[in-house]
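Asks: I am attaching a structure below and will ask some questions about it afterwards.
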Amino acid sequence: MKITIGSDHAGFELKKLLIDYLRQCGHEVNDVGTHSTAPVDYPDYAEKVADGVLHGGTERGILICGSGVGASVAANKIPGIRAGLCHDSYSAHQGVEHDNLNILVLGARVVAEELAKDLSTIFLNARFTAEERHQHRLAKIQAIEQRYSLNSVAKEKIS
């Protein structure tokens, strides 16, 4: 699978470890940074990972910051992104199976290295079930995105 991965400075070391692990597992990994522990802003990397998933030809993304919370919030502002902060195996597969997650978010200061590897594998191996109830819910999420998109808001202000 082709994956886009990115992190802020707090997630840099875990990102390096996961890149090596994922490549050993046979995945093609697109690293969008950061490339050091020098302080950076996580929204920049959330956007880069999201862009890789939406426009860069990658199937899924992995995003890492210190807690995972800020990166998750930032990524989910982008229409078409369904980023899930997962620190347990159930959420890592269920989020894909039921909610069609396309970005796994991890907190480098929250999960241990071996757990991060396991969660990445579980996330990447999971598949959306496409059951009617899940498709129905996903359509509602997409409708919410549409209602609150910049284009929709601008049209309402013009009216």
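Asks: Among (1) crowded, with 17+ Cβ neighbours inside 10 Å; (2) in contact with a Lys or Arg (Cβ under 8 Å, 6 or more places away or on another chain); (3) among the acidic types (Asp, Glu), there is one condition residue 47 misses while meeting the rest; what is its number?
Replies: (2)
Asks: Given (1) surrounded by 15 or more Cβ atoms within 10 Å (Cβ to Cβ); (2) free of Cβ contacts under 8 Å to residues at least 40 places away in the same chain; (3) closer than 19 Å to residue 19 by Cβ; (4) charged (D, E, K, R), where does residue 60 come up short, assuming only one miss?
Replies: (2)
Asks: Search the range 74-115 for residues being within 13 Å of residue 51 (Cα to Cα) and of a type in the set (Gly, Ala, Ser), and hand back the single one that is nearest to the chain's Cα centre (by Cα).
Replies: Checking each candidate, the answer is 83.
Asks: What are the residues in the range 74-99 that are β-branched (Val, Ile, Thr) and either out of contact with any Phe, Trp or Tyr (no Cβ under 9 Å at 6 or more places or on another chain) or under 18 Å from residue 143 (Cβ atoms) (or both), if any? Spell out the reasoning first.
Replies: Taking the range 74-99 first, the residues β-branched (Val, Ile, Thr) are 78, 81, 96.
Answer for the range 74-99, where residues must be β-branched (Val, Ile, Thr) and either out of contact with any Phe, Trp or Tyr (no Cβ under 9 Å at 6 or more places or on another chain) or under 18 Å from residue 143 (Cβ atoms) (or both): 78, 81.
Asks: Which one of the conditions (1) basic (Lys, Arg); (2) within 17 Å of residue 5 (Cα to Cα); (3) not assigned by TED's automatic domain parsing to the domain that holds residue 10 does residue 140 fail to meet, given that it meets all the rest?
Replies: (2)
Asks: Against the definition (of a type in the set (Asp, Glu), over 19 Å from residue 117 (Cα atoms) and either surrounded by fewer than 23 Cβ atoms within 10 Å (Cβ to Cβ) or assigned by TED's automatic domain parsing to the domain that holds residue 149 (or both)), how does residue 20 come out, yes or no?
Replies: Taking the combined requirement at face value, the residue does not satisfy it.
Asks: Among (1) over 10 Å from the mean Cα position of the chain (by Cα); (2) surrounded by 16 or more Cβ atoms within 10 Å (Cβ to Cβ); (3) assigned to a helix (DSSP H, G or I); (4) not aliphatic (A, V, I, L, M), where does residue 33 come up short?
Replies: (3)
The values are calculated or read from the model by the stated rules, or taken from the named source; none is laboratory data. Everything numeric here is computed off the predicted structure, so don't read it as measured data. Note that each Cβ is placed from the backbone with ideal geometry, even for glycine, and that neighbours are counted across all protein chains shown.
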